[in-house]
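These notes concern the structure reproduced below.
The values are calculated or read from the model by the stated rules, or taken from the named source; none is laboratory data. Remember, it's a predicted structure, so these values are computed and weren't measured experimentally. Neighbour counts are summed over all protein chains in view; Cβ atoms, including those assigned to glycine, are modelled from backbone coordinates with ideal geometry.
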Amino acid sequence: MRKFISILSFFVVLVVTVGGFNCAFAELKKMPRKSIASAGPSLPKESVPTDIPANIREQILRLYSKDAVERANAAMALGKMGNKALPAVPYLKGMFNDRANLMWSTDGGSSYSTDPGEIAVYAYGMIKGADELITMLKSKMINLRGAAAAALGWMKYAGAVVPLSAVLKDQDTSVGWRAANALGEIKDTRAVNPLIAALRHPNRDIKFAAIGALRKIKDSRAVEPLIIALKDEDVREEAYTALKDITGQNIPNKPAQWQKWWKGQKKK
């Protein structure tokens, strides 16, 4: 899983509502590090126009806050405005490298490590459209590819299933597991076969995320590969939980017993 590193030494939780689900941001206690990425927009604060709607200008100015939660919250508020917030786009793009660590939890029970920059990417997509994020999946910058993948999942954009499935093979595993998480949020059965293929990935985090996505999609094609995954010490418990959720069965965590049951199911 993504390693949480931050200079923050306090805990804050803030809940906002976006697109019909709750988003909780939490700054976690972390060990200090010697250098951090930029915080807030790269454009000077004095460049914020004065002749734009007051509510948009107010949120742009909040992007410059010293509080990472407030910066993320401001970016989210701008995203909720849709294309009315177009004047904010240069400032959102200017904070894509704001990497202060946060945790985002949805009312569906999912939790994600994130940062204000990633939330700015999400807001950018809500303002400019999800296709802009699909283009970003090909960025040379790892953090932008990962942020775009995560944002497409949060947007539950079905049009991203094919490009996200390709990103499962990204050379950087942090991007790949974000793509797997995103596919789990979208819950489109077109992602099942690519996710099954990801179960053979050498990286545990990719396999873990792929199993989580298959668990959410609940397609029977995943049953046999998950039974095989019961033999994988890295993810056997996750595979077992997914199997129980997909099948409704409470068979012990023993591959042979699951294989016997599944063989019987296929004969029906």
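A single member of S113, S139 is surrounded by fewer than 19 Cβ atoms within 10 Å (Cβ to Cβ) and in the same structural domain as G94 (by TED's automatic domain parsing), and it is S113. Does at least one position in the stretch 223-237 carry a residue that is closer than 20 Å to S111 by Cα and basic (K, R)? No; the residues of the stretch 223-237 include none that is closer than 20 Å to S111 by Cα and basic (K, R). The number of residues in the stretch 142-167 being surrounded by fewer than 24 Cβ atoms within 10 Å (Cβ to Cβ) and under 15 Å from N193 (Cα atoms) comes to 5.
So that you can scan it fast, the table gives a plain yes or no per residue for (1) of a type in the set (A, V, I, L, M, F, W, C); (2) over 22 Å from the mean Cα position of the chain (by Cα); (3) not in a helix (DSSP H, G or I):
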{"residue": "I211", "(1), (2), (3)": "yes, no, no"}
{"residue": "K216", "(1), (2), (3)": "no, no, no"}
{"residue": "V223", "(1), (2), (3)": "yes, yes, no"}
{"residue": "L226", "(1), (2), (3)": "yes, yes, no"}
{"residue": "K231", "(1), (2), (3)": "no, yes, yes"}
{"residue": "D234", "(1), (2), (3)": "no, no, yes"}
{"residue": "T241", "(1), (2), (3)": "no, no, no"}
{"residue": "K244", "(1), (2), (3)": "no, yes, no"}
{"residue": "Q249", "(1), (2), (3)": "no, yes, yes"}
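Against the condition under 22 Å from L152 (Cβ atoms) and small (G, A, S), how does A197 come out, does it pass? It is true that A197 is under 22 Å from L152 (Cβ atoms) and small (G, A, S). In the list A210, A151, A120, A160, which residue meets the criterion of being in contact with a His (Cβ under 8 Å, 6 or more places away or on another chain) and small (G, A, S)? On inspection, the qualifying residue turns out to be A210.
Summed over the stretch 178-209, residues that are in contact with a helix residue (DSSP H, G or I) (Cβ under 7 Å, 6 or more places away or on another chain) and part of a loop (DSSP other than H, G, I, E, B) total 5. Only a single criterion out of (1) surrounded by fewer than 20 Cβ atoms within 10 Å (Cβ to Cβ); (2) touching a helix residue (DSSP H, G or I) at 6+ places or on another chain (Cβ under 7 Å); (3) in the same structural domain as N193 (by TED's automatic domain parsing) is not satisfied by V175, namely (1). Could you grab me the full set of residues in the stretch 210-225 that are within 21 Å of K266 (Cβ to Cβ) and either in contact with a strand residue (DSSP E or B) (Cβ under 7 Å, 6 or more places away or on another chain) or of a type outside the set (D, E, K, R) (or both)? L214, I217, S220, A222, V223, P225 - these are the residues of the stretch 210-225 that are within 21 Å of K266 (Cβ to Cβ) and either in contact with a strand residue (DSSP E or B) (Cβ under 7 Å, 6 or more places away or on another chain) or of a type outside the set (D, E, K, R) (or both).
Pairing each residue of the stretch 191-213 that is on the phi < 0 side of the Ramachandran plot with any residue that is among the charged types (D, E, K, R) and assigned to a helix (DSSP H, G or I), provided the two are 6+ apart or on different chains, yields C-beta distances under 6 Å for V192/R221; L199/K207; H201/K207; F208/E238; I211/E238.
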